[in-house]
Amino acid sequence: MGSLWIVGLVLVLYMGVLGLISWWARRSSNSAEGFATGGRAFPAVLVGFLLASEFLGSTASVGTAQSAHEHGISAAWNVVSLALGFVLFSVLLARRFRELGENTISGALARAYGERVRLATSSIMICALLIVAVSIYASGGAILSGLLGIGTAPAIVVTGVLAVAWVSIGGMRSVVYTNVLHASVKLIGVVLLAVVALRAAGGPGRLQTELPPRMLAWDGIGWAQIGAWLIAGVGAIFATQYVVQAVTTTADGRSARQSGLWSAAVLVPFGLCSAVIGLCSALVHPGIRSIQALPAFVLELNPWAAGLVVCGLSGAMFGTIAALTLGASTLLLKDFHRPWRDRRGHGAEPAGDLRFLRLATVVTGLLPIVLALFASDVLTVSFLAKSLRAALAVLVLLMFYGPRFGTRAGAFWSIIAALVATIGWFLAGDPFGVDNAYIAVAMPLLVMTATHLWSHRPGRIPADGTGVAGTPPSPDDATRPREEPAR
């Protein structure tokens with residue numbers, strides 16, 4: 001009981017620090033743009049830690065350790081694939097997104113493929129972000145309830161309400177600074193746990209001699225699963241609202257690239273340490289449920305160290321939820337509220353935009369709490385949400401590197417086809433052992449290829465003389481409308 005009080009005290013102090021940061025950051029949130037962007041450019045290292053923190057949820061720590069307990073060290077690919085995704089993002093897209101000057105993924109795609117694609121992209125992205133939020137609440141709440149000795153429902157509600165309160169007060173600046181703290185605490189906590197786990201297991205030598213060879217093989221979980229993680233992880237990074245939103249807060253294209261590399265530098269050791277914890281648990285605690293692989297070692301720490309780790313696990317929820325709610329509310333503002341307001345002839349209402357953004361942040365943060373309380377089986381859908389974003393990533397790459405491939409209509413129907421096919425494949429149980437992530441990537445490629453060939457068939461006279469989707473978006477001419485090939 002005394003240990004629980006110490007852990008609780010450390011957690012309360014941590015929450016108090018987060019509250020002070022959010023209260024201090026509120027001065028930059030007196031307008032809708034300031035709330036969504038933080039009001040100024042942030043250094044690359046801060047944005048890098050922000051991006052990393054958004055992907056270091058309970059799945060990255062507890063989930064990776066659980067998978068390592070069952071399959072071995074190869075479970076680290078679950079997080080390492082995200083690091084590779086950020087490296088690719090830095091090389092291929094970070095500078096382009098920053099120079100485009102558009103802080104929503106739907107807005108960027110709309111410049112290339114039209115308004116229908118904006119609405120389709122925004123709808124899918126909001127649903128995907130809320131699905132991930134439900135997963136974070138349900139899994140993180142279950143773990144924290146066991147560590148703190150409270151019920152799952154209170155753990156979910158309290159952490160959810162606090163996360164929503166902090167982001168609704170401080171906006172993007174609050175998210176940046178609190179998530180830097182989250183990422184640092186989470187990384188320290190998982191490294192500490194890995195050291196404790198290795199000592200309990202008797203060191204690397206004992207792991208090598210007493211565990212089956214497959215547990216130590218980097219491809220032990222199978223290349224099909226590793227490939228699915230790579231596709232879903234890279235796709236989630238290439239086409240996720242809060243990644244684009246964070247990158248546009250950097251000073252320039254060079255800083256945008258550096259922020260992705262900083263994220264990769266945080267993710268690699270985090271993934272490896274989480275996998276080591278699960279591997280050690282398979283030897284030290286072979287009979288426990290695999291989901292308890294990481295929490296089992298937390299219970300062996302002294303109360304102050306355990307409090308630090310619990311803060312890291314709490315931060316995994318706070319940081320990810322803050323980013324998810326801010327991203328979803330920004331999409332609701334730009335793609336739904338402002339167009340609706342303009343159609344009614346109300347004109348620009350800066351104060352109204354800020355009120356809507358704060359309200360949307362609260363709603364998108366609280367709604368997943370209700371779903372997490374009554375639909376814990378939705379955890380299995382979190383990977384599906386990544387797959388759906390992978391489909392959008394195909395269009396992002398084509399927008400920048402193949403702007404004359406396909407058509408605007410093809411872009412819209414590729415989103416619809418990917419949505420239907422990916423969900424259908426998922427519900428069918430991934431037939432033939434083919435993960436739904438592969439389907440999500442294949443559908444846009446097939447549809448865009450088909451529409452491209454159709455627009456170039458012999459005798460066809462395109463309206464704009466090119467028969468192609470158009471020119472790549474740029475800061476100078478990205479708003480120029482692009483003609484669809486004549487029917």
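For the range 295-315, which positions are assigned to a helix (DSSP H, G or I) and over 14 Å from Met15 (Cβ atoms)? Of everything in the range 295-315, those that are assigned to a helix (DSSP H, G or I) and over 14 Å from Met15 (Cβ atoms) turn out to be Pro295, Ala296, Phe297, Val298, Pro303, Trp304, Ala305, Ala306, Val309. Scan the range 401-440 for residues that are closer than 21 Å to Leu119 by Cβ, hydrophobic (A, V, I, L, M, F, W, C) and in contact with a helix residue (DSSP H, G or I) (Cβ under 8 Å, 6 or more places away or on another chain) and jot them down. Across the range 401-440, the qualifying residues are Ala409, Ala411, Phe412, Trp413, Ile415, Ile416, Ala417, Ala418, Leu419, Ala421, Ile423, Ala440. Let me confirm something: among Gly19, Gly8, Gly2, which residue is within 29 Å of Leu357 (Cα to Cα), over 15 Å from the mean Cα position of the chain (by Cα) and modelled with pLDDT under 80? Criteria check complete, one pass: Gly19.
Does the range 330-339 contain any residue that is in a helix (DSSP H, G or I), among the polar types (S, T, N, Q) and modelled with pLDDT of 75 or more? Yes, that holds for at least one residue.
Would you mind finding the one in Val161, Val176 that is part of a helix (DSSP H, G or I), surrounded by 21 or more Cβ atoms within 10 Å (Cβ to Cβ) and touching a residue at least 12 places away in the same chain (Cβ under 8 Å)?
Details: Val161 fails: surrounded by 21 or more Cβ atoms within 10 Å (Cβ to Cβ).
Criteria check complete, one pass: Val176.
Look at the range 238-265: where a residue is in a loop (DSSP other than H, G, I, E, B) and a partner is of a type in the set (Gly, Ala, Ser), sitting 6+ places away or on another chain with Cβ atoms under 7 Å, you get Ala239/Ala393; Thr249/Gly38; Thr249/Ala41; Ala251/Ala41. Ser274 passes every criterion in (1) within 30 Å of Pro444 (Cα to Cα); (2) buried (at least 16 other Cβ atoms within 10 Å of the Cβ) apart from (1). Evaluated against (1) at pLDDT below 90; (2) in a helix (DSSP H, G or I); (3) more than 20 Å from Val45 (Cα to Cα); (4) not hydroxyl-bearing (Ser, Thr, Tyr), Glu102 falls short on exactly one condition, (2). A Cβ distance below 6 Å, combined with a sequence gap of six or more or placement on separate chains, defines the contacts here; from the range 378-389, residues that are closer than 11 Å to Ile423 by Cα reach residues that are at pLDDT 65 or above and of a type in the set (Phe, Trp, Tyr) in the pairs Leu384/Phe426.
Of all residues assigned to the range 214-226, none qualifies as being crowded, with 22+ Cβ neighbours inside 10 Å, within 25 Å of Leu313 (Cα to Cα) and of a type outside the set (Lys, Arg).
The values are calculated or read from the model by the stated rules, or taken from the named source; none is laboratory data. All values reported here derive from a predicted model rather than from experimental measurement. Every residue, glycine among them, receives a Cβ derived from its backbone with ideal geometry; neighbour counts consider all protein chains shown.
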